[in-house]
Amino acid sequence: MSFLTIFLLLLFCLSSQTMAESRGPSLEEIVVTATRSEVSLSQAPGGIEVLTGEQMELRNVKSLDNALNIIPGVYNKSGKGFMETTSSLSLRGIPDDKRLLFMWEGLPLNDPYSGSVTYNLLPIEDVERIEVVKGPFSSLWGGYAMSGVINVITRVPQKREFKLKTGYGTGWNRSSAMDDLFRTHLSYGDKYFDKLSVYIGYSYKSTNGYPTDFNVVSTAPPTGVSGALPTTDNKGAKRYLIGDRGDNTWWDDQLVIRSQYQAQSNTKIKFSLIRGRYKYEYEEPHTYLYTATGTPLWSYTGVSESTFLSGNGARESNIYDLEVSKKLAKGELRLKFGFLDRPVSWYTTRGTTATKSGGAGTVTETEASSFNGDATFSQKLFWEQTVTIGGGFRRDKSDTNEYKLTNWKDEDSKTGLSYTSKGKTKSYALFIQDEIPIHQMLTLYLGLRQDWWQTFDGFVNDVGKAGYPKNYETKEKDTLNPKVSLVMSPFPQTILKASWGKAFRPPTVYDLYRTWTSSSGVTYAANPDLKPEKVTAWDLGIEHEIWNGSLFKLTYFDNSLMDLIYRKTVSNTLQEFINAGKGYSKGIELSFEQKFGKYITFFTNYTQQRAKIEENPARPKSEGKWIMQVPKRLFNIGFYLNVGDFSGSCITRYVSKRFSTDDNTDIIEGVYTSYDSYTTTDLKLAYSISKNISVSASVDNLFNSQYFGYYKAPGSSWFIDLTLKY
């Protein structure tokens, strides 16, 4: 009640202001994700944020998830920067990007194996803008779109262009951040015969890394041994820090080939290929233990040398995208086909008897692929009413195999299959959306989508164990997801938005069939009986231009979650997927932006949210507890600068603590595996030497904030680059 009172008071105060010179430049922008057709930002339903390529260029952005972490309501779970292989984005208190539909030019990129997104396999240099649409959007986009949709839009060359960008940086203190970071990008684009646009780009980066993974044990070193650092685990139990697993090194690259052909004045054919690869390794580990004679100590009673070791890994993906669009007299037809192929994804794990020089281990390999087909037809009818109809198809499959290794350091030293799991899913959908201009100040959006989902060919074989192999029966579900949105402009400078809708996410092959055990001895179990997750959500927002060049936004959101799939902590060595009973996430988003001409843009935003499990008969201890990986508060403040030959940015971010256990007992901060609250400041300044040449210098984590995001987060680092454009 108090929030609604404040909201109405703000609305009254803001709407009563006069604005003779109001123009609202940000409201002129055209977006496509919220409606599947072009619509002005002011008239698009839902909470929408647009991040431009120019804004990304003013920051030292290393990956797409890194670019999005300043958006209100967005939380980026990335413990060790771009080297994080389990990075994920969350929106509005609904955790993980498997509940957030992530698209590239309208093609879903959520992984066919786990539903996650591998951001470090995607290019960042040719992005025109990123549209972030918040709230449930299964009515238009189907599964995964529970918390919202993120869509990356790329540039199309209009003339000949060439770009070379290269740079180097390292941590201010060695072994505290990404040491010896090298980045380079080379691209060429052109437009031929006024019809065919072609773009080719290649990006590469590598780093010698820093120690991110620590060896923390419960057994104290013997008398006479020095170097152990007393600490605790994230629940407060006494522990000893005795070493680290070596510098976490990394390299990745991305190749992009993209073309667009204007077949006729009203017909376009677009094709793109994105190939991305990465590989990480751990160099020689470090022990902090020394005997009385100064000899390094690697093992003692209760602690083996293998605890100092961590495995390597690599991944490759290929994304193919074909789109044909034809503009009609008062409408548009769009056909889209995409194929995501992940032929390579592996990681090694050392055995309990392994040593620095070798020994037994395992390698886990997963192949996965996803085919998407989508057809959309939009037509303007009476009174400028726009109806959009369409259908979609998606088919996912993955196959995971675990092999024994004679040498844990060599992924090719396989001796035999020890575990396998595989499965397939597919879905069909039909949808319709009606955009109804009730009045020049009021637009109503009605949407409805029916999805039919199926999982089949599920198979698991834990070789040598009783009860295996297992074949799982085909299971089917269907879901109907409506959405209603209102957009109202009572005054030229004020926009009111309200939405209500439902969304869902089907369980993935990983959720259903993949059980695995970590190097620390914790087993993470799948569950073939999982049901799709569901959310019913509503939001209410206001956007107001207080004075010329400003934009104020206030949004309240409320998400009711059903059958949320999450990890149930059975014991210290076992976690399993279950469908929780009920949960919710609700909160407010506040943001303010002020443009000072075209030279300086100041912005700030604040998100406060609550996300808790309400009912969970399978795990009563989790009831009333915070949903894992949801921060209570997010805050960003900063500015963009573009004055003459100088440009850049300075941005400060704050993220409050998150929990990684469903009973919220991991309350200790500042220790390995904790998820700490933190504040960081990033700074970048660029100078244009000429029209074609520019240099820049940047500092990430300017004040060297020390914190953990499970791993040791990177400290302060600097980077210098040179850009040539023609």
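Extension gain for ARG610 to PHE393 (0.36 nm times residue separation, less C-alpha to C-alpha distance): 74.6 nm. Put in order of Cβ neighbour count within 10 Å, fewest first, the listed residues MET178, MET56 become MET56, MET178. Modelled spin labels at GLU283 and VAL225, positioned 7 Å past Cα toward Cβ, are 2.5 nm from each other.
Other residues lying with their Cβ under 11 Å from the Cβ of GLU623 contribute a combined charge of +1, Lys and Arg counting +1, Asp and Glu -1. A straight Cα-to-Cα reach below 13 Å connects LYS279 with the aspartates and glutamates GLU84, ASP252, ASP253, GLU316, GLU411, residues fewer than 8 places away in its own chain not being considered. The ranking of ILE71, ILE720 by Cβ neighbour count inside 10 Å, starting from the fewest, reads ILE720, ILE71.
Between TYR654 and TRP172, take the C-beta separation as r, use R0 = 22 Å, and let me know the FRET efficiency to the nearest 0.05. If you can, show how the numbers build up before the last one.
On the way: r = 21 Å, r/R0 = 0.97.
Efficiency for this residue pair is about 0.55.
Given axes a ≥ b ≥ c from the Cα gyration tensor, I'd like to know whether region 116-195 is rounded (a/c under 1.5), prolate (a/b larger than b/c) or oblate. Judged from the Cα gyration tensor, region 116-195 comes out oblate (a/c at least 1.5, b/c at or above a/b).
Rounded to the nearest 10 degrees, the angle from helix 2-15 to the longest Cα principal axis of the chain is 40 degrees. Neighbour counting of Cβ atoms within 10 Å sorts the residues LYS531, LYS134, LYS497, fewest neighbours leading, into LYS531, LYS497, LYS134. The length gained on full extension between VAL344 and THR665, counted as 0.36 nm times the residue separation minus their Cα-Cα distance, comes to 111.8 nm. Can you give the calculated 222 nm mean residue ellipticity of the chain, where each DSSP H run of n ≥ 4 adds -39,500 (n - 2.57) and the sum is split over every residue, rounded to the nearest 500 deg cm²/dmol? Helices in the chain give a 222 nm mean residue ellipticity of -1000 deg cm²/dmol. For region 2-725, relative contact order (Cα pairs under 8 Å, six or more residues apart, normalised by length) works out to 13 percent. Toward the positive end of the charge dipole of region 2-725, about the Cα centre and with charges on Cβ (Lys, Arg +1; Asp, Glu -1), which of ALA697, VAL643, ILE613 goes farthest? The one lying farthest along the dipole's positive direction is ILE613.
Modelled spin-label separation between TYR192 and THR573, with each label point placed 7 Å from Cα along the Cα-to-Cβ direction: 6.4 nm.
Express in nm, to one decimal, how much length is gained between ASN407 and PHE459 on full extension, taking 0.36 nm for each residue of separation and deducting their alpha carbon distance. Intermediate results must be reported in sequence, preceding the final value.
On the way: separation 52, 0.36 × 52 = 18.72 nm, distance 2.82 nm.
Length gained between ASN407 and PHE459: 15.9 nm.
Bear in mind these aren't lab numbers, they're just calculated from the coordinates by the rules spelled out. Bear in mind that the values here come from a model prediction, so they are computed numbers and not experimental data. Reconstructed Cβ throughout: ideal geometry from the backbone, glycine too, with neighbour counts over all protein chains shown.
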